[in-house]
Amino acid sequence: MIATTVRVLRQLRHDPRTVALLVVVPALLMLLLRYVLDSKTTFSHVAPALLGIFPFLLMFLVTSIATLRERTSGTLERLMTAPLPKLALLAGYAAGFSLVALVQVGVTTAVSLALGLSVTGSVGWLVVVTVGDALLGVALGLLASAFAATEFQAIQLMPVVVLPQVLLCGLFQPRAQMATVLRWVADVMPVSYAVEALQHVAAQPDVDAAFARDVLVLAAFVAGALVAAAGTLRRRTR
Amino acid sequence: MANSVVLCAGLRVVRGGVQILSAFSARIEEGAVTGLLGPSGCGKTTLIRSIAGTQRIAGGRVEVLGRSAGDPWLRRRIGYAAQTAAVYTDLTVEENVRYFAAVTGAPRDDVDRVLDAVDLRPFRRVLTGRLSGGQRSRVSLAVALLGAPRLLLLDEPTVGLDPVLRAQLWDLFGRLTDGGLSLLVSSHVMDEAERCDQLLLMRDGALLAQDTPDALRRRTGTDDLDEAFLALIRAAERGDGDRAVA
């Protein structure tokens, strides 16, 4: 499993442009947002939700393409003939990308704080939830790659998987105020829980049961997506 | 007669509604280089994938080293290099081989051994994506050699290689069998057939003939394997024609 993590990081090291994009883009978007809103108070209000969306989106994109390339280049088939458990492969992947996500989230959070994001709770929890959210992007990206035959299709899965979650996560409208059916849909979308947890940390000094539930739901989605992704890895194909 | 490492009996494979292999039966001898020859599209790759255990089969059976193909026990005992170089283009040659050594459980010093075997040591720090096609397929071959496989499945390993390098690789295959390894090497170049101990000639998803190069030449009364292959095809077609008439 560690071999896979090291390999993923080595691949990224040979691709500094991707690393730069991953680390810098969310921070730049936060900067943009700050001056679009032109008010520290509004920024502070909106930023926690976006902290849950940008890393998720980017990690989803990178992982789904990386895994798709693995499927189409034959390296996945080769790994499937090796004595390597599928979950070890995926865990190795997830660990590698999580380390990248940690750097990304660290930079994005630091920039957001510098721009005036006020966090009532602990910044540590903020980082934990955001990394978990980025990891969700990794896990769903691994899973989504199974449903794309080409990189062209993989890119188009992004709006399918990510945008509805952005619309329904509580950023534009609190979940409680949505029409019942929409609220049900929002309730089964993992990003909703990440955003709720981030908003909680930003606004409340202490963690409570609702926060714990949000974090657990998020963790369960990550684990579920990884297991489902393992199910899409086939040792034998048609 | 030598022991067999692979046994196919009545193997049938259907892909996308098309029958690729039909009632394919053959055996592959231990400690020999078996050449798999036939026109492109005749099912060579599908046969190799069936033996590697990555191909879902519709009927019949494939036994490898006494186990059913795809058995987890076989994963450490088969080296498989697909037709496309299944290596990471965004890693160096050495990083590729190191990674696969780790996942196949091969010892660390194996990396140098396999890089030497395919003559790629001078390129170890080069990004695989910058190599030529032939060099890239040698990286893939190096990965297949990792560990101590008992059976090597090589799908067109010499495509795109210059004659010198091709000769070197065939010398290597010969040396590997001295160590008791068995090889199945597909090719569509007849002059490579000359270097094999055994030949499987395929056509349209079925086995046309299996024998040593010498015996095939004798059987068909020619001294050229190309001719021998054509003679066998013509004989088979006449056989089909007879049946069609009857």
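No value in this document is a laboratory result; all are computed from the given coordinates. Bear in mind that the values here come from a model prediction, so they are computed numbers and not experimental data. Note that each Cβ is placed from the backbone with ideal geometry, even for glycine, and that neighbours are counted across all protein chains shown.
Across peptide B:47-54, the average count of Cβ atoms from other chains found within 10 Å of a residue's Cβ is 3.
This model, with +1 at the C-beta of Lys and Arg and -1 at the C-beta of Asp and Glu, gives segment A:11-140 a dipole about its Cα centre of some 160 debye. Peptide packing for A:97-106, A:12-21, B:209-218 was compared via the average number of neighbouring C-beta atoms within 10 Å per residue; ordered from the highest value, the list is A:97-106, B:209-218, A:12-21. Rounded to the nearest Hz, the phi-derived 3J(HN,Hα) couplings of segment A:210-216 under the Karplus curve 6.51 cos²θ - 1.76 cosθ + 1.60 (θ = phi - 60°) are 5, 5, 4, 4, 4, 5, 5, where x marks glycine and proline.
Remark: A:D214, B:D226, B:D197 ranked as B:D226, B:D197, A:D214, counting other beta-carbon atoms within 10 Å and listing the fewest first.
With a 10 Å cut-off around each Cβ of B:72-85, the average count of Cβ atoms from other chains is 3. Take each residue of peptide B:98-109, count the partner chain Cβ atoms within 10 Å of its Cβ, and average: the result is 4. The label-point distance for B:A236 and A:V107, in a model that sets each label 7 Å from Cα toward Cβ, rounds to 5.9 nm.
For segment A:137-149, putting each phi into the Karplus relation 6.51 cos²θ - 1.76 cosθ + 1.60 with θ = phi - 60° gives couplings of x, 4, 5, 5, x, 4, 5, 5, 4, 5, 9, 10, 9 Hz, in residue order, rounded to whole numbers and with x for Gly and Pro.
Close amide H partners of A:T237, meaning residues 5 or more places away or on another chain with modelled amide H under 5 Å apart, are B:Q55, B:R56. Amide H to amide H distances under 5 Å link B:R15 with B:I20, where only residues 5 or more positions off or on other chains count and H is placed in the peptide plane. Amide H contacts of B:A209: B:L201, each under 5 Å away and 5 or more positions distant or on a separate chain (H built 1.01 Å from N in the peptide plane; Pro and chain starts excluded).
Pair-distance distribution P(r) for chain A, from all Cα-Cα distances in 10 Å bins starting at 0: 8, 32, 35, 19, 6, 1 percent. Please state the shape class of segment B:108-191: rounded when a/c is under 1.5, otherwise prolate if a/b exceeds b/c and oblate if not, all from the C-alpha gyration tensor. Oblate, since a/c reaches 1.5 and b/c is not below a/b.
Each residue, A:S122 and A:T232, gets one label point 7 Å from its Cα in the Cβ direction; the gap between the two is 3.5 nm.
Net charge dipole, segment B:78-148: roughly 140 debye, given to the nearest 20, about the Cα centre with Cβ charges of +1 for Lys and Arg and -1 for Asp and Glu. Shown for A:S39, A:S145: other C-beta atoms within 10 Å of each C-beta, ranked fewest to most, produce the order A:S39, A:S145. Extension gain for B:T222-B:R56 works out to 55.9 nm (0.36 nm per residue, less the C-alpha to C-alpha distance). Converting phi to 3J(HN,Hα) with the Karplus coefficients 6.51, -1.76 and 1.60 and the offset θ = phi - 60°, segment A:38-46 yields 6, 7, 4, 5, 5, 4, 4, 6, 8 Hz in sequence order, with x at every glycine or proline.
Determine, from the Cβ-Cβ distance of A:A88 and B:A215 and an R0 of 56 Å, the FRET efficiency 1/(1 + (r/R0)^6), rounded to the nearest 0.05. In this case the efficiency is close to 0.75.
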